[in-house]
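Have a look at the structure below before the remarks.
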Amino acid sequence: MHQSRGTSVREAIWRTYPVHAADPVVHAASRLHDGYMAPHILYGVPHSLYTGKSRAYLRKQGFTYVERTPADPRFRAEIVPRIGRGIIPVLVTPDGEVIQDTVDILDHFEDRGVPVSARPPGARQRVLAHVAELYAVVTLTRHAMHYRWSYLDEQRTFLTDAFTGGSGTDGAAKVMARVREVHGGKDYDPEWGKRMRGEGQWSTLIDTRFRLAVARLGLSVPQPALRTDLFRPPPRAGDQLSLF
């Protein structure tokens with residue numbers, strides 16, 4: 001995708017991709033909804049990694065969809081009361097069902113049958129696919145945040161435009177003001193031990209709420225030690241161990 005001169009970062013990322021009703025893949029996908037063509041609504045923002053995952057899946061399957069930002073008044077008025085908090089991505093199906101969380105969005109379609117399944121057919125392959133997905137979601141997110149914030153001079157224009165697109169001009173200013181509050185007045189503090197934790201009242205509040213949630217869910221009790229005595233070497237060199 002090429003960005004033309006004078007086109008904002010948001011416009012370049014958010015360019016509309018035409019979807020043709022005559023496309024057999026789109027037509028097959030649309031039959032999931034009582035035989036009529038109707039768009040899904042995806043609430044998200046261009047710089048959201050999890051919105052990107054949902055967006056890529058919808059495009060791969062050929063679904064017709066409309067993407068809106070959380071700045072859309074309908075998100076605050078209609079979606080937040082139904083899911084209980086302001087978070088993205090959120091998918092609204094043509095029949096009005098609201099689905100929050102990328103995994104739940106993908107499962108919604110996979111359980112109903114799609115042209116190209118994201119689930120491997122075999123049980124072992126599916127386990128490995130989930131491991132790879134977990135690694136990408138938990139581990140690679142840290143790398144993504146590092147390149148987004150550690151190179152702030154190169155990323156500032158993108159971040160400003162992205163936050164403006166997702167929250168409006170006033171909302172973007174409020175977001176960055178809150179970011180500075182937890183980084184001692186800076187847009188970002190790369191110091192080890194502080195860049196992922198922050199400081200000040202907001203950081204303390206988040207830490208306190210997390211600890212209370214851990215205690216309420218019974219996750220603060222000591223966990224049993226991991227066992228290594230169950231390991232058995234393969235019968236022959238190069239053999240694949242059984243997962244089950």
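The values are calculated or read from the model by the stated rules, or taken from the named source; none is laboratory data. Here the structure is a predicted model, which is why all the values come from computation and not from measurement. Heads up, the Cβs are rebuilt from the backbone with ideal geometry, glycines too, and the neighbour counts pull from every protein chain shown.
For this structure, a couple of remarks:
- When residues of the range 45-58 are limited to those that are touching a Phe, Trp or Tyr at 6+ places or on another chain (Cβ under 9 Å) and in contact (Cβ under 8 Å) with a residue 60 or more places away in the chain, the one nearest to residue 102 (Cα to Cα): 57
- Given (1) modelled with pLDDT of 90 or more; (2) touching a helix residue (DSSP H, G or I) at 6+ places or on another chain (Cβ under 6 Å); (3) of a type in the set (Gly, Ala, Ser), number of the condition residue 56 does not satisfy: (2)
- Taking every residue in the range 166-194 that is farther than 19 Å from residue 205 by Cβ and pairing it with any residue that is assigned to a loop (DSSP other than H, G, I, E, B) and modelled with pLDDT of 70 or more, at least 6 positions away or on another chain, the pairs with Cβ-Cβ distances below 6 Å are 166/45; 166/69; 166/70; 167/71; 168/71; 190/150.
- Meets criteria (surrounded by 10 or more Cβ atoms within 10 Å (Cβ to Cβ), in contact (Cβ under 8 Å) with a residue 60 or more places away in the chain and not aliphatic (A, V, I, L, M)) for residue 124: yes
- The residue that is surrounded by the most Cβ atoms within 10 Å (Cβ to Cβ), among those in the range 28-44 that are in contact with a Ser or Thr (Cβ under 9 Å, 6 or more places away or on another chain), at pLDDT below 85 and not in a helix (DSSP H, G or I), is 37.
- 2 or more residues of a type in the set (Asp, Glu): qualifying helices (runs of 4 or more DSSP H) within the range 49-162: 102-110
- Extreme residue, modelled with the highest pLDDT, among residues of the range 182-204 that are in a helix (DSSP H, G or I) and surrounded by 11 or more Cβ atoms within 10 Å (Cβ to Cβ): 204
- Test: residue in the range 209-218 that is more than 30 Å from residue 152 (Cα to Cα) and assigned to a loop (DSSP other than H, G, I, E, B): yes
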